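The values are calculated or read from the model by the stated rules, or taken from the named source; none is laboratory data. Please read all numbers here as calculations on a predicted model, not as lab measurements. All Cβ positions, glycine included, derive from the backbone under ideal geometry; neighbour counts span all protein chains shown. These area figures cover heavy atoms from the full protein model, side chains too; ligands, DNA and RNA do not enter into them. Shrake-Rupley method; radii C 1.70, N 1.55, O 1.52, S 1.80 Å.
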Amino acid sequence: MTVLPKADWLRHVANTRVQPPETEYPSRHEEVLSLAAHARTREAISAWPGYRATPLISLPGLANACQLGAIWYKDEAGRFGLGSFKALGGAYAVLRLLLRRLAEHTGREAAPSDLADPRHADAVAGVTVCCATDGNHGRSVAWGAQRFGCACVIYVHATVSQARVAAIEGFGARVVRIDGNYDDAVRAAARDASTYGWFVVSDTSYEGYTDIPRDVMQGYSVMAQEVLEQLPEGDLPSHVFIQGGVGGLAAAITAHFWERLGHRRPRIIVVEPDRAACIFASIAAGERVAVPGDLDTLQAGLACGEVSLLAWDILKDGVSDVLAIPDKTAVACMRLLAGGVDGDPAIVAGESAVAGQAGVVLARQRPDLAQALGLDRDSRILVFGTEGATDEGLYARLLAPQAEGQP
């Protein structure tokens, strides 16, 4: 069996409050994520130049090595040339925000084509969007702002790489670096937006701020539907291993599969860095709790200390388990995918893309955990490779044999 470095304290918590498979998708969740809203989202995003479904890659070599029935890897590295799934969320939320603002300006419902109308150029250009980011969400917001014609300011925290900052600036955004962690950047963006009349386009929701994060999550649902259209006919995953972060992605995938598939929905397992395991802590506590500290994880896109309010409402009902893994296993999984296993295609996966896949391999190595998660030779696993090498220099260093934490 293919192995990753042993994690001496790989942690697992089961969600004792998860709704049983036969439970219908709760109507209260439709106010956050729904198939009806997804249809509108898919129509808008599929009309953007460059749209195409990202690949769903079968990994039979790795599945056989892990004694599993199948592993499918949804590879988001090529999404709109931005390198990650975030292109679906931030840019779509910018679009929805500008349509609402334009409707207020004109007194009538606005369509995406109106944003390109010269008559509305000044109204659109007068809007400034901002957000905090670990890299990928900010890149998507900046790209959306450039595409649709508004101004943009992006806040990054102390450990975001300069390469990621440069990528954001390449879309015309102004980048502000602050001391502290991701959650400190969130607070700084919110403070300045209030001061200057800007609009925060965040994937993190909290009391009084839910509309835009809802649009971000709805954008992510496009991935879930693409998967259902790409799977072999008549085949569905038994398990989904999905990255954590603030929980928006995991909630979007959970909700879409739950509403679309009903009792056939897969078991959802969230995987987080052990240094930023806010969903783990919240599931264990039975309520949203914040993880303190600097959240200093290599998996920078998952370095979040608080679960999004909207996401939590869905996750607490729909997620079965949460795993917390150390950074060294993510690095090893990057190398595993880059090399391919037993004829599998080589996959370029960034450090924040592989937590789900690492969780699969690690769980299968532990008989007690595999049993707890219901993993066996018949299991069909879906993972989301949420980014490619969004920082190529860092990717090369991490894959170098001498890199710290390598097996």
Options Val124, Val160: the member that is open to solvent by less than 20 Å² (accessible area, probe 1.4 Å) and over 22 Å from the mean Cα position of the chain (by Cα): Val124
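Looking at the stretch 282-310, which of the residues that are within 23 Å of Ala349 (Cβ to Cβ) and of a type in the set (A, V, I, L, M) is surrounded by the fewest Cβ atoms within 10 Å (Cβ to Cβ)?
As a first pass, look at the stretch 282-310 and keep what is within 23 Å of Ala349 (Cβ to Cβ): 295-304.
This time we only want the ones that are of a type in the set (A, V, I, L, M), so: 295, 298, 300, 302-303.
Numbers: Leu295: 24, Leu298: 20, Ala300: 27, Leu302: 29, Ala303: 25.
Only one residue tops the list, namely Leu298.
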Candidate set from the stretch 375-389 (those that are within 30 Å of Ala167 (Cα to Cα) and assigned to a loop (DSSP other than H, G, I, E, B)); member that is most open to solvent (accessible area, probe 1.4 Å): Ala389
Neighbours by Cβ (under 7 Å, 6+ apart or cross-chain): first from the stretch 114-125, in contact (Cβ under 8 Å) with a residue 40 or more places away in the chain and among the hydrophobic types (A, V, I, L, M, F, W, C); second part of a helix (DSSP H, G or I) and surrounded by fewer than 19 Cβ atoms within 10 Å (Cβ to Cβ): none
Restricting the stretch 255-279 to residues that are at pLDDT 95 or above and basic (Lys, Arg), the residue that is surrounded by the fewest Cβ atoms within 10 Å (Cβ to Cβ): Arg264
Residues of the stretch 164-193 classified as buried (at least 19 other Cβ atoms within 10 Å of the Cβ), out of contact with any helix residue (DSSP H, G or I) (no Cβ under 7 Å at 6 or more places or on another chain) and not in a helix (DSSP H, G or I), total: 1
First in the stretch 364-378 and modelled with pLDDT of 95 or more, second anywhere and open to solvent by 30 Å² or more (accessible area, probe 1.4 Å) and assigned to a helix (DSSP H, G or I), Cβ under 7 Å, 6 or more apart: Ala370/Arg364; Leu375/Arg364
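Mind listing whichever residues of the stretch 63-91 are among the aromatic types (Phe, Trp, Tyr) and over 14 Å from Ala224 (Cα atoms)? Don't jump to the end; show me each part of the working.
Residues of the stretch 63-91 among the aromatic types (Phe, Trp, Tyr): 72-73, 80, 85.
Matches in the stretch 63-91: Phe80 only.
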In the stretch 228-244, residue farthest from the chain's Cα centre (by Cα) [restricted to those that are open to solvent by 20 Å² or more (accessible area, probe 1.4 Å) and touching a residue at least 24 places away in the same chain (Cβ under 8 Å)]: Asp235
The stretch 228-254: number of residues that are at pLDDT below 95 and over 20 Å from Ala53 (Cα atoms): 2
The stretch 16-35 - residue that is within 21 Å of the chain's Cα centre (by Cα) and more than 19 Å from Arg264 (Cα to Cα) and, of those, surrounded by the fewest Cβ atoms within 10 Å (Cβ to Cβ): Glu31
Single residue of Gln225, Gln218 found to be in a helix (DSSP H, G or I), crowded, with 23+ Cβ neighbours inside 10 Å and either among the charged types (D, E, K, R) or at pLDDT 95 or above (or both): Gln218
Residues (outside any helix (DSSP H, G or I), touching a residue at least 40 places away in the same chain (Cβ under 8 Å), open to solvent by 30 Å² or more (accessible area, probe 1.4 Å) and over 26 Å from Gly343 (Cα atoms)) located in the stretch 41-87: Ala47
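Of the residues that sit in the stretch 353-374 and are part of a loop (DSSP other than H, G, I, E, B) and open to solvent by 10 Å² or more (accessible area, probe 1.4 Å), which one is nearest to Phe80 (Cα to Cα)?
Restricting attention to the stretch 353-374, the residues satisfying the condition of being part of a loop (DSSP other than H, G, I, E, B) are 353-354, 366, 374.
Going one step further and asking which of them are open to solvent by 10 Å² or more (accessible area, probe 1.4 Å), we end up with 366, 374.
Working: Arg366: 38, Gly374: 36 Å.
Checked the stretch 353-374; the qualifying residue nearest to Phe80 (Cα to Cα) is Gly374.
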Among residues of the stretch 152-180, those that are farther than 22 Å from Arg79 by Cα and touching a Cys at 6+ places or on another chain (Cβ under 9 Å), counted: 4
Qualifying residue in the stretch 194-201 (condition: in a loop (DSSP other than H, G, I, E, B), buried (at least 17 other Cβ atoms within 10 Å of the Cβ) and touching a residue at least 60 places away in the same chain (Cβ under 8 Å)): yes
Meets criteria (assigned to a helix (DSSP H, G or I), surrounded by fewer than 16 Cβ atoms within 10 Å (Cβ to Cβ) and over 24 Å from the mean Cα position of the chain (by Cα)) for Glu104: yes
